[in-house]
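Beneath this line is the structure, given in structure tokens, with notes to follow.
The values are calculated or read from the model by the stated rules, or taken from the named source; none is laboratory data. Small disclaimer: the values here were computed from a predicted structure and weren't measured. Cβ placement follows ideal geometry from the backbone for every residue including glycine, while neighbour counts extend to all protein chains displayed. When the accessible area is computed, the model is the full protein with side chains, heavy atoms only, and any ligands, DNA or RNA have been set aside. Shrake-Rupley method; radii C 1.70, N 1.55, O 1.52, S 1.80 Å.
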Amino acid sequence: MLELAVERQRRLGALPLTAGTVALVLLGDVVRWMVVGPLPLLVGEWMPRGADLDAEAGLGALLAVVALVSAGGLRHRLGRHIAVAGLALAALLANLGPFFTSDVSPAVMLPFALVRHGRITFEGIALNPERLPVSADPLPYFIVRSGDRIASKYSPAIGLLATPVYLPAALGGFDARSPDVEHLGKLAAAVLTALGVMLLHAAATRLVGLRFAGAATAMYVLGTPVLAVIGQTLWQHTGAALGFSLALLGLTRSEDAPRKLGVIVGLGVGLAVACRPIDAVLAAGFVGAVSLARPRALGWMAAAASLPLLLLALYQWHIFGSPLATGYGAEAVYGWSAPLIEGIPGLLLSPGRGLLLHAPILVFSVAALVRAGRGSSPRWFLPLGLSVVLFVCVMGHWYMWWGGPSPGNRMLSDALPILGLALACGLRDAWPKRSLRAPIVAAVALSVMTQTSLTFFVHSPYSDRVVRLGSDAQPRPWSPETHPLVARFQLLFPPVGGQAP
């Protein structure tokens, strides 16, 4: 018996060493790809070009978690959170490719402009003429001319957030003209999203404990647009979700001094609004939440939030001539034109973009926000819930409320951290009721199937139905066939006489 126990301990001891060594080799190879690449990676023999980066980075993250868990790292609180981040990163990279959209071109290229040329604008820089055609006339919609400068239509904050991930490539010899730069942007988005997931898991643990925090975090990653949208490329929403996740962690630390709590919440909220200024609507909910949780922290919150917002205002003043001007120009004024009776139900319930149809598990988030002050839901859920309602109304008024080509609901994804934390409380209160367990399981299954279908099984006919939704002039988000699962069923089982995809 003693010999068997010794042999077992020896095998268990070899697992973290082996897994950790392989993880370091794979992640080191990813860094090599960034510094001197793009070039074939160790797994390139089995993967298409570009996809080898996602595969190798994801596998490295997964093996690092295996090494951490087998070495007993889950006994430590920080180890648990690191494991969550690693698993989230592996899940986000598992589809082996980014979602291609021109919207993110400035953010994908900005780290190169910043590190190699010391600029946050693109005039006179031929980084990637195909991806960022600064010499085109007229310019593509995602970059704008302001005097002698050519800048992103959108806030540069997400590009700046991605810069630390880009550093090996930007400081090294990575060819920014390569089409594989898309995969570099995807890696940065996945890393930022995984950090946000880690912060949200830490916040949920403080409210509902490890068991329900773990379950809710898994559903948050796999069953909401976190998987299909936020973690796939450098949207503005990616940075906003990271900021709000940090702010939520600060709110759960009610035992901290007002200065510490206020600074954490303020930095998170300021970062989110700097990434996507319309998120000031959600930021108002955090002001109300801090007023209820720790009123003395409001001053510190305002001071901390002002830092990223001041930097954004200075950027806009320098580039566009006014602290309040953006690259949207007149669109920022005249774009609020959709009837609310069309936009609000469309964002929540339409087959093509309805958040509650694509992620029905979030119904339990809504229930937790409504129950603020009861059960597991803290009182400060009330202002957060009201801000989410107002945010839906505001985005429902945007002339392109469906968000253009997008893998699912993108326009409300900034609110996902609030809904994710509320989901943990909703599950904690609902699961003990046996009558609700079957609906919870059904909602989880539908949510995960929908989001994984949008993320992992996209091909041209499928993409045309569920991502593009027709032309901007004649979108069809209310067509039943634009729901991801309906479209998948129709393509897998075409009518008699039809052709399979």
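Return yes or no: is Arg10 open to solvent by 70 Å² or more (accessible area, probe 1.4 Å), assigned to a helix (DSSP H, G or I) and modelled with pLDDT under 90? So Arg10 passes the test. Beta carbons closer than 8 Å, at least 6 apart along the sequence or on distinct chains, pair a first residue in segment 221-233 that is touching a residue at least 24 places away in the same chain (Cβ under 8 Å) with a second that is of a type in the set (Ser, Thr, Tyr) and not in a helix (DSSP H, G or I) for Val229/Ser406; Thr233/Thr101. Across segment 52-60, a minimum of one residue is classified as open to solvent by less than 10 Å² (accessible area, probe 1.4 Å), part of a helix (DSSP H, G or I) and out of contact with any Leu (no Cβ under 6 Å at 6 or more places or on another chain). Of all the criteria given as (1) at pLDDT below 95; (2) open to solvent by 30 Å² or more (accessible area, probe 1.4 Å), the one not satisfied by Arg428 is (1). Being out of contact with any helix residue (DSSP H, G or I) (no Cβ under 8 Å at 6 or more places or on another chain), more than 20 Å from Val221 (Cα to Cα) and assigned to a helix (DSSP H, G or I), is that true of even one residue in segment 444-451? Checking segment 444-451: not a single residue is out of contact with any helix residue (DSSP H, G or I) (no Cβ under 8 Å at 6 or more places or on another chain), more than 20 Å from Val221 (Cα to Cα) and assigned to a helix (DSSP H, G or I). Open to solvent by 40 Å² or more (accessible area, probe 1.4 Å), within 22 Å of Ser406 (Cα to Cα) and either among the hydrophobic types (A, V, I, L, M, F, W, C) or touching a residue at least 40 places away in the same chain (Cβ under 8 Å) (or both), is that true of Leu74? No; evaluated as a whole, the condition is false for this residue.
Taking the listed residues Ser376, Ser406, Ser387, the one that is touching a Cys at 6+ places or on another chain (Cβ under 6 Å) and either more than 21 Å from Val221 (Cβ to Cβ) or outside any helix (DSSP H, G or I) (or both) is Ser376, with no other qualifying. The set of residues in segment 370-400 that are of a type in the set (A, V, I, L, M, F, W, C), open to solvent by 10 Å² or more (accessible area, probe 1.4 Å) and farther than 19 Å from Val265 by Cα comprises Val370, Ala372, Val389, Leu390, Val392, Cys393, Val394, Trp398, Met400. Checked against (1) part of a helix (DSSP H, G or I); (2) among the aliphatic types (A, V, I, L, M); (3) open to solvent by 10 Å² or more (accessible area, probe 1.4 Å), Leu39 passes all but a single condition, namely (1). Val366 meets all of the listed conditions (1) in a loop (DSSP other than H, G, I, E, B); (2) closer than 26 Å to Val287 by Cα but one, namely (1). Screening Ala190 against (1) open to solvent by 10 Å² or more (accessible area, probe 1.4 Å); (2) closer than 30 Å to Ser463 by Cβ; (3) in a helix (DSSP H, G or I) leaves a single unmet condition, (1).
Each row is one residue, and each column tells you yes or no for (1) more than 15 Å from Val370 (Cα to Cα); (2) among the hydrophobic types (A, V, I, L, M, F, W, C); (3) over 21 Å from the mean Cα position of the chain (by Cα).
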| site | (1), (2), (3) |
| --- | --- |
| Asn409 | yes, no, no |
| Ser413 | yes, no, no |
| Gly420 | no, no, no |
| Arg434 | yes, no, yes |
| Met449 | yes, yes, no |
| Leu454 | yes, yes, no |
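Filtered by the rule that a residue be open to solvent by 80 Å² or more (accessible area, probe 1.4 Å), closer than 21 Å to Pro225 by Cα and in a loop (DSSP other than H, G, I, E, B), segment 471-494 gives a lone residue, Trp478.
If only residues of segment 94-144 that are over 26 Å from the mean Cα position of the chain (by Cα) and assigned to a helix (DSSP H, G or I) are counted, the one that is nearest to Val165 (Cα to Cα) is Arg116.
Against the list (1) among the hydrophobic types (A, V, I, L, M, F, W, C); (2) under 27 Å from Ala247 (Cβ atoms); (3) open to solvent by 10 Å² or more (accessible area, probe 1.4 Å), the condition Ile361 fails is (3).
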